[in-house]
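The values are calculated or read from the model by the stated rules, or taken from the named source; none is laboratory data. Only a predicted model underlies this, so the values are computations on that prediction, with no experimental measurement involved. Virtual Cβ from ideal backbone geometry, glycine too; neighbours counted across all protein chains shown.
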There are 4 protein chains.
Amino acid sequence: MKILYIGDIMGEPGRRAVGRMVPRVVSQRQVDVVIGNGENVAGGFGITPELAEELFEMGLSVITTGNHAWDKKEILDYFPREPRLLRPANYPAGVPGNGSYVVETPGGEKLAVLQLMGRAYMPTLDCPFQVAKREVAKLKREAAAVLVDMHAEATSEKMAMGHYLDGDVVAVVGTHTHVQTADEQILPKGTAYLTDIGMTGPLHGVIGVKKELAIEKFLTGMPKRFEVASGPTVFCAVLIEVDAQLGKAITIERIRVID
Amino acid sequence: MKILYIGDIMGEPGRRAVGRMVPRVVSQRQVDVVIGNGENVAGGFGITPELAEELFEMGLSVITTGNHAWDKKEILDYFPREPRLLRPANYPAGVPGNGSYVVETPGGEKLAVLQLMGRAYMPTLDCPFQVAKREVAKLKREAAAVLVDMHAEATSEKMAMGHYLDGDVVAVVGTHTHVQTADEQILPKGTAYLTDIGMTGPLHGVIGVKKELAIEKFLTGMPKRFEVASGPTVFCAVLIEVDAQLGKAITIERIRVID
Amino acid sequence: MKILYIGDIMGEPGRRAVGRMVPRVVSQRQVDVVIGNGENVAGGFGITPELAEELFEMGLSVITTGNHAWDKKEILDYFPREPRLLRPANYPAGVPGNGSYVVETPGGEKLAVLQLMGRAYMPTLDCPFQVAKREVAKLKREAAAVLVDMHAEATSEKMAMGHYLDGDVVAVVGTHTHVQTADEQILPKGTAYLTDIGMTGPLHGVIGVKKELAIEKFLTGMPKRFEVASGPTVFCAVLIEVDAQLGKAITIERIRVID
Amino acid sequence: MKILYIGDIMGEPGRRAVGRMVPRVVSQRQVDVVIGNGENVAGGFGITPELAEELFEMGLSVITTGNHAWDKKEILDYFPREPRLLRPANYPAGVPGNGSYVVETPGGEKLAVLQLMGRAYMPTLDCPFQVAKREVAKLKREAAAVLVDMHAEATSEKMAMGHYLDGDVVAVVGTHTHVQTADEQILPKGTAYLTDIGMTGPLHGVIGVKKELAIEKFLTGMPKRFEVASGPTVFCAVLIEVDAQLGKAITIERIRVID
Ligand SMILES: [Fe+2]
Ligand SMILES: [Fe+2]
Ligand SMILES: [Fe+2]
Ligand SMILES: [Fe+2]
Ligand SMILES: [Fe+2]
Ligand SMILES: [Fe+2]
Ligand SMILES: [Fe+2]
Ligand SMILES: [Fe+2]
């Protein structure tokens, strides 16, 4: 099974890049499952039901989110209705939506996708490590192959999660920082790992935001309404080949294409 | 002029990797100036005068540090005596040491190295953006080529600094997160940029730390004495070619070698 | 000279309490100058020109703000036009508004009011300690008596400022935490000090916010639109008597009245 | 039942103040149970078995701690052996020690003491609100009267806990900020509340630390070895009268005595 996971999709430029690149990569690399992080598709802040539908139509089987999950109010009611739209599983009991979903390919192979969120420099949630162990055990009763998205800021928390789940899941990949890291690897016990997939969106902004606005915020300390940057885009993703029956990673490969 | 900048050198494994790799890269790639981040050379925490001397003997012309600059007390008196050992320039007035140094090659070419530290999720210092403008202007009277190390956690603050100084300096490269990023590029106005060079040290730890200790810290929330991991090492660096007379970047290339 | 400083005025209930209490305290205690913190007067978030006018009409001579200074966009243009409305003086150069104002009483006595903002667990600004020394020196050329508001979260940063300025200013009082502290004192070198004046607003909320909303935010980790609580109100202020000619504090007294 | 709870006891000056004040208050006010926060008794950082014994001998029935619980290594083995020494109950499973203890007076009355720690600007632990509900329910099977210490930085998190448990426990009182607040009250459903009891220790330091060292840390941004201040001391505590059979608060009174 070949999985394509697209990093944080930023605004309209990000969605266009997804529309352009997904069909190409899927056919060239024989991708079976496409996943994407959608926490920034709505002008950089959150996601709406319409934009989620748009991404599903572009071929995504699962959409993950993160700390920006709730930026658009209209998504609150949509979360419980759409099991393919995830929010981190370590949000406490009572929060709308789900943290995992099991995809089944036309050929009958299964992949469980689990999203977690880190707590270092992030909102305080339930412990992602405790939740990971519990949820991975549960999901493995449904699917031998479990892929984990660790949406987090600190490299240490992401790598700790990689090693913590090493051997239990097919992959631990990170989202949230909007910059792709170059440390793709198969960890010692067989789990594919990448600290951050990177953003799909404007290349010449500041993590997708118009650079002048981001710089002014750092210079003044004042709040600033952000806008998505324009210009050339970058498509950041990761391609993971797994043995879905055995629940083992085979290869992990970064994709970073500038149009 | 070819510059090799080695990312955060972690403990004894990191120093060994530097000793092994620097002569090789310098001769193969005709490197003129070697710089390295030394904030973690002393068992992961800080640097001592002896270890600084050891790195200078291995061929480094400048050693940068960061938030771990002060971990070893014996370094406090050494800072004012050794201008080639830098701490971020945006520490306030009165703090020992310097934030910049001008290297001169045997061929008479000059490179100014300036270190700054970010403030997002970091200790609160003077504004790195204000200090950058002031110090770069000063340094350009001495050397057309200025290289900036932005030691910071947040990708947004590093990219904002890259764009803020774009066209004014030959390069803005990042350190501190210990994970190399894959976004090397020449920014629109000509500055070479990389969000983080990555760590030189143990490959299978958690940003260089023994993984069991890092995981236990996340699981318990208790303070934990960290130890440098062992096993295979990774050498992370960046190779930047610049026109030192014109103060222009020519190329930027990541180096990531696992022994 | 008797100064009444009213802590963070929270929404409509806070404004009503100000309207009710100020005339009473001013006449009973022969107050010469009334100051109030207005960062939460507009429904808990920021201040508008209209609400600033309303507070001036209620007898305030100076309005301070804080991290919520910019919550309402319409205040941006008003700041440069109204010197009696302050924002912390350690916002960087280029930020609209002023950080200090010199009040003159009908009797010709002068009081300089300076607002600073802490950086621990707060937005990163210029160093409040460096700015304090510079601004206090400047203000003392205009008025022997300088009062400092340290708008900050951490008790340590507020007390450090108190001792740092002890003997140089008539008072260092804190705002921002919305809970009055019980440590009013004259510091060893003569400066009146109180860590936090406390909030003027709804008594039975969570720092002024409807308690159900605040609790739900802590329980879910999701963003939550806050509303000002209702019910009985508390008026929190501090009364400081100073010798304006000598620039010396005489007494400091907390006021906390529940209606 | 009359309960005396002493706020963060700071170093040797704090212990001396406890030794001097406890017998006096206990006899004058007919106190039944004395509790104290001991996270700073060992030179400002943590607690040792010897110092815990010293405090028990001074008449304390329960010692609470907080984020400084683990500063001294020798306490790790002591925690499981001494049920009267508490650490916050929302440390995750597997952490040594207990988060609650049930005191029985000579007259046969029972008081359950539960410590929790906030997460805003603090180490990330399990959710204090979830743990509170679970632990309070458990403890009420043993004792009608439950007192909660909320060791936290943010006033909002402490007040939210007060209202969250209002009516379920006899008292919610705060520790950690080292500055006593002036908001003692009986909440609407009957729980006694105080945001922070304040520190027992040196009056003229910065939350107990030598003021020169604290100021220098803020001025330089460098780490600084802290020392406990000297000079006059302040004894901060709270006196709560409860009906232990009914599990109802009767009165709450702050104590703040400068020697
Ligand atoms: Fe994102
Ligand atoms: Fe995110
Ligand atoms: Fe480092
Ligand atoms: Fe660092
Ligand atoms: Fe406020
Ligand atoms: Fe504030
Ligand atoms: Fe404490
Ligand atoms: Fe504490």
(message) Among the residues in segment A:69-88, are any crowded, with 18+ Cβ neighbours inside 10 Å, within 11 Å of another protein chain (Cβ to nearest Cβ) and in contact (Cβ under 8 Å) with a residue 40 or more places away in the chain?
(response) yes
(message) Tally up the residues in segment C:211-238 that are crowded, with 18+ Cβ neighbours inside 10 Å, charged (D, E, K, R) and farther than 18 Å from D:Thr155 by Cα, please.
(response) 0
(message) Given (1) closer than 17 Å to A:Val242 by Cα; (2) acidic (Asp, Glu); (3) within 16 Å of ligand 2 (Cβ to nearest atom), identify the lone condition not met by A:Glu142.
(response) (3)
(request) Any residue in segment D:248-259 that's without any contact (Cβ under 8 Å) to a residue 60 or more places away in the chain: show its pairings with residues that are loosely packed, with under 15 Cβ neighbours inside 10 Å and in a strand (DSSP E or B) at Cβ separation under 7 Å, as long as the two are six or more apart or on different chains. (result) D:Ile250/D:Asp243
(request) Kindly list the number of the only condition in (1) touching a strand residue (DSSP E or B) at 6+ places or on another chain (Cβ under 7 Å); (2) among the polar types (S, T, N, Q); (3) more than 15 Å from ligand 5 (Cβ to nearest atom); (4) touching a residue at least 24 places away in the same chain (Cβ under 8 Å) that fails for C:Thr155. (result) (1)
(request) Give me a count of the residues in segment D:193-206 that are over 15 Å from the mean Cα position of the chain (by Cα) and buried (at least 24 other Cβ atoms within 10 Å of the Cβ). (result) 3
(request) Determine whether segment B:114-124 contains at least one residue that is over 23 Å from B:Pro188 (Cβ atoms), in contact with a helix residue (DSSP H, G or I) (Cβ under 7 Å, 6 or more places away or on another chain) and in a strand (DSSP E or B). (result) yes
(message) If I ask for residues that are within 16 Å of ligand 1 (Cβ to nearest atom), touching a Phe, Trp or Tyr at 6+ places or on another chain (Cβ under 7 Å) and over 20 Å from A:Gln115 (Cβ atoms), which ones from segment A:1-43 would you list?
(response) A:Ala17
(message) Looking only at segment C:21-45, count every residue that is surrounded by fewer than 21 Cβ atoms within 10 Å (Cβ to Cβ) and of a type in the set (Gly, Ala, Ser) and tell me the total.
(response) 2
(request) Among the residues of segment B:160-180, write down those that are within 21 Å of B:Gly14 (Cα to Cα) and assigned to a strand (DSSP E or B). (result) B:Val173, B:Gly174, B:Thr175
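Quick check on this structure: which one of C:Gly107, C:Gly94, C:Gly14, C:Gly36 is over 12 Å from the mean Cα position of the chain (by Cα), of a type in the set (Gly, Ala, Ser) and within 14 Å of ligand 5 (Cβ to nearest atom)?
Matching residue, one of C:Gly107, C:Gly94, C:Gly14, C:Gly36: C:Gly14.
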(message) Every residue in segment A:125-149 that is under 19 Å from the mean Cα position of the chain (by Cα) and either basic (Lys, Arg) or not in a loop (DSSP other than H, G, I, E, B) (or both), please.
(response) A:Pro128, A:Phe129, A:Val131, A:Ala132, A:Glu135, A:Val136, A:Leu139, A:Val146, A:Leu147, A:Val148, A:Asp149
(request) Could you tell me which residue of segment D:42-61 is farthest from ligand 6 (Cβ to nearest atom), considering only residues that are aliphatic (A, V, I, L, M), in a loop (DSSP other than H, G, I, E, B) and closer than 22 Å to D:Leu111 by Cβ? (result) D:Met58
(message) Every residue in segment C:97-110 that is at positive phi and either more than 14 Å from chain A (Cβ to nearest Cβ) or part of a strand (DSSP E or B) (or both), please.
(response) C:Gly108
(request) Go through segment C:192-243 residue by residue and tally those that are farther than 21 Å from C:Thr64 by Cα and either of a type in the set (Phe, Trp, Tyr) or within 16 Å of ligand 6 (Cβ to nearest atom) (or both). (result) 5
(request) Out of the residues in segment B:172-197 that are touching a Phe, Trp or Tyr at 6+ places or on another chain (Cβ under 7 Å) and more than 11 Å from chain A (Cβ to nearest Cβ), state the one that is farthest from B:Val257 (Cα to Cα). (result) B:Val172
(request) Identify, from the list C:Glu153, C:Glu157, C:Glu212, C:Glu216, the residue that is assigned to a loop (DSSP other than H, G, I, E, B), facing chain D (nearest Cβ under 10 Å) and acidic (Asp, Glu). (result) C:Glu153
(request) Residue by residue through segment C:104-123, note down the ones that are among the β-branched types (Val, Ile, Thr) and buried (at least 18 other Cβ atoms within 10 Å of the Cβ). (result) C:Val113
(message) Which count do you get for residues in segment C:111-129 that are touching a residue at least 24 places away in the same chain (Cβ under 8 Å) and within 14 Å of chain B (Cβ to nearest Cβ)?
(response) 13
(message) Being over 22 Å from A:His151 (Cα atoms) and touching a helix residue (DSSP H, G or I) at 6+ places or on another chain (Cβ under 6 Å): is that true of A:Met58 here?
(response) yes
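Out of the residues in segment C:219-239 that are at the interface with chain D (Cβ under 9 Å from one of its Cβ atoms) and within 22 Å of D:Gln185 (Cβ to Cβ), which is farthest from ligand 7 (Cβ to nearest atom)?
Among those residues, the one meeting the criterion is C:Gly231.
Would you say B:Ala132 is more than 29 Å from A:Gly208 (Cβ to Cβ) and surrounded by fewer than 24 Cβ atoms within 10 Å (Cβ to Cβ)?
no
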(request) List the number of the failed condition for A:Gly94; all other conditions in (1) surrounded by fewer than 20 Cβ atoms within 10 Å (Cβ to Cβ); (2) at pLDDT 95 or above; (3) within 14 Å of chain D (Cβ to nearest Cβ) hold. (result) (2)
